[in-house]
Structure formats: C-alpha cells, structure tokens
Amino acid sequence: MRRSSLISLPLLLISASLFAAPAEVKVAVLQNKLDHPWALAFLPQDQGMLITLKGGQLKRWQPGKGLSDPIVGVPKVWDSGQGGLLDVALAPDFATSRRVWLSYARGGRRRESGHSGGVWPSERR
C-alpha cells in the first residue's frame with residue numbers, strides 16, 4: 001500500500017500543474033495581408049523573419065519596416081493541392097553562410113508533383 005501512494009503523489013502533482021492557469025499571453029497581429037502563409041523562420045538578432053507563401057513567394061518581415069517585396073531567386077513551385085512553397089529553415093551556419101533551406105513541390109511533365117528541397121541562394125553560380 002505504501003508503494004502505491006509514493007507513485008500516486010507525483011502523478012497527482014503533475015496532474016495539478018496541467019490545470020494551473022497559464023501565464024498571460026499577449027497576441028499582436030504583425031501582418032494580415034499574406035496570401036496562404038505556410039512557414040516562417042526567425043532571423044538572428046531580431047532581424048525579423050522569413051515567411052513562405054504557398055504560391056511560391058518568400059518574403060521577409062522586419063520590425064518597424066513591415067513586409068518586403070518577394071525575394072528573387074526562389075525556385076519555381078507547383079502550387080496545387082498541398083503542393084507549393086512549403087517549409088523554410090536557416091542553415092546552422094546561417095550567420096556566416098547566409099544559406100536558407102526551402103522545401104517545395106515542383107511539377108512533373110504529366111502534371112504530377114514531386115517534393116524537393118534546396119539551398120537558397122543556390123550554390124550553383
């Protein structure tokens with residue numbers, strides 16, 4: 001009997017913490033004019049964020065400046081169904097390399113899609 005009460009006490013404490021009131025959350029709208037935003041990556045040193053739009057655009061949002069025009073050089077995507085420009089991630093050495101990884105769907109010759117990933121800007125020059 002004693003062993004079961006030792007197990008029950010931690011479970012009771014964990015359960016009680018799940019029902020505790022969360023800390024106050026402040027919500028702010030940063031941008032409301034994006035067509036199908038899909039993913040974002042936060043840039044270091046409060047330089048804003050990169051945002052992918054499913055239709056194939058990559059944009060940058062910066063505090064005090066707002067949303068940029070589409071960034072040039074992004075691969076052409078196949079925007080149909082769940083396809084399009086999808087995820088964005090900064091390379092681990094982004095501070096020095098400035099590389100960004102993109103995940104996207106590209107169309108085939110018979111109107112089917114295939115998923116791709118790539119480094120942007122392209123390392124092929």
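The values are calculated or read from the model by the stated rules, or taken from the named source; none is laboratory data. This is a predicted model, so every value here is computed, not measured. When we count neighbours, we look across all protein chains shown, and the Cβ atoms used for this are built from the backbone with ideal geometry, even at glycine. For accessibility, only protein heavy atoms count, side chains too; no ligands or nucleic acids. Shrake-Rupley method; radii C 1.70, N 1.55, O 1.52, S 1.80 Å.
Per-residue answers, yes or no, for (1) open to solvent by less than 70 Å² (accessible area, probe 1.4 Å); (2) assigned to a strand (DSSP E or B); (3) at pLDDT 90 or above:
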| position | (1), (2), (3) |
| --- | --- |
| ASP35 | no, no, no |
| LEU40 | no, yes, yes |
| THR52 | yes, yes, yes |
| ARG124 | no, no, no |
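If a residue has to be under 18 Å from the mean Cα position of the chain (by Cα), over 12 Å from HIS36 (Cβ atoms) and in a loop (DSSP other than H, G, I, E, B) to count, how many in segment 65-82 make the cut?
Selection size over segment 65-82: 5.
Every residue, every condition in (1) polar (S, T, N, Q); (2) at pLDDT below 85; (3) touching a His at 6+ places or on another chain (Cβ under 8 Å); (4) open to solvent by 80 Å² or more (accessible area, probe 1.4 Å), yes or no:
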residue	(1), (2), (3), (4)
GLN57	yes, no, no, no
TRP78	no, yes, no, no
GLY84	no, no, yes, no
ALA91	no, no, no, no
ARG99	no, no, no, no
ARG110	no, yes, no, yes
GLY114	no, yes, no, no
GLY118	no, yes, no, no
